[in-house]
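Each remark here refers to the structure printed beneath this line.
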Amino acid sequence: MKILIVEDEAKISEYLRQGLSEAGFMVDLARNGLDGHHKAMTESFDLIILDVMLPDIDGWRILQSLRDAGTTVPVLFLTARDSVDDRVKGLELGADDYLVKPFAFAELLARVRTLLRRGQSAPLETTLTVADLELDLMRRRVKRSGRKITLTAKEFALLELLIRHRDEVLPRSLIASQVWDMNFDSDSNVIDVAIRRLRAKIDDDYEPKLIQTVRGMGYMLETPGSG
Ligand code: CA
């Protein structure tokens, strides 16, 4: 599940990014309205958390552009102003829910989960499958050959990324930015260690092996029989 946070206040955006990552979501961050607008319009997300008060393009305009373009992605907006007008405006523009700052993270997480569960016009993709490997995105469960496998939140996010980009070589730098939200340092073996742990859980005891090492390039999850 991929969430976009559009928020210019560094403290809040960092707090949200960290909390949502720990809850197992993939998080992308936009720290101003222009960047947020661009990401929201060009990339695909399962949910957008949108601050209303942004220095350049405000949250309302981003929301309006999204809905004008016919995008149905759930939007949760954050407003600092405890004003009824704001809430009405947001909901009229097509937001799905709102939170008034300051809010407790647990409250935000509950709203996020509810929005992701709620039936949408386009059914949400809740299970990813490759061969006999199944990822249940809602329950955060993984099975291979019908056997339950326990993954950490990071391992789950890594596997989700690999499956969403199956049959594509993913450079370590991309994996680092998507799963760890960090710039890749070539001296670091964080990615290789994580891949090794993931392989031990989902590949070592099974055939065919799904995670491939592409020498000098990165990793790829290969659909059996595709290449
Ligand atoms: Ca703001």
Against the condition within 27 Å of Val6 (Cα to Cα) and either in contact (Cβ under 8 Å) with a residue 12 or more places away in the chain or surrounded by 17 or more Cβ atoms within 10 Å (Cβ to Cβ) (or both), how does Ala110 come out, does it pass?
no
Name the single residue that is farthest from Met1 (Cα to Cα) among those in the stretch 169-185 being polar (S, T, N, Q) and touching a helix residue (DSSP H, G or I) at 6+ places or on another chain (Cβ under 8 Å).
Asn183
Tell me which residues, restricted to the stretch 56-89, are touching a helix residue (DSSP H, G or I) at 6+ places or on another chain (Cβ under 8 Å), modelled with pLDDT under 90 and within 14 Å of the ligand (Cβ to nearest atom).
Thr79
Taking the condition part of a loop (DSSP other than H, G, I, E, B), surrounded by 15 or more Cβ atoms within 10 Å (Cβ to Cβ) and modelled with pLDDT of 90 or more, does Tyr206 pass?
yes
Kindly indicate whether any position in the stretch 155-174 is of a type in the set (Lys, Arg) and assigned to a loop (DSSP other than H, G, I, E, B).
yes
Does at least one position in the stretch 42-52 carry a residue that is part of a loop (DSSP other than H, G, I, E, B), of a type in the set (Asp, Glu), within 16 Å of the ligand (Cβ to nearest atom) and in contact with a helix residue (DSSP H, G or I) (Cβ under 8 Å, 6 or more places away or on another chain)?
no
Here are some residues: Asp181, Asp185. Which one is surrounded by fewer than 19 Cβ atoms within 10 Å (Cβ to Cβ), touching a residue at least 60 places away in the same chain (Cβ under 8 Å) and either of a type in the set (Lys, Arg) or closer than 24 Å to Leu29 by Cα (or both)?
Asp181
In the stretch 1-39, residue farthest from the ligand (Cβ to nearest atom) [restricted to those that are farther than 15 Å from Val112 by Cα, in a loop (DSSP other than H, G, I, E, B) and within 17 Å of the chain's Cα centre (by Cα)]
Arg31
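The values are calculated or read from the model by the stated rules, or taken from the named source; none is laboratory data. Because the structure is a prediction, the values reported are computed rather than measured. Note: ideal-geometry Cβ built from the backbone for every residue, glycine included; neighbour counts use all protein chains shown.
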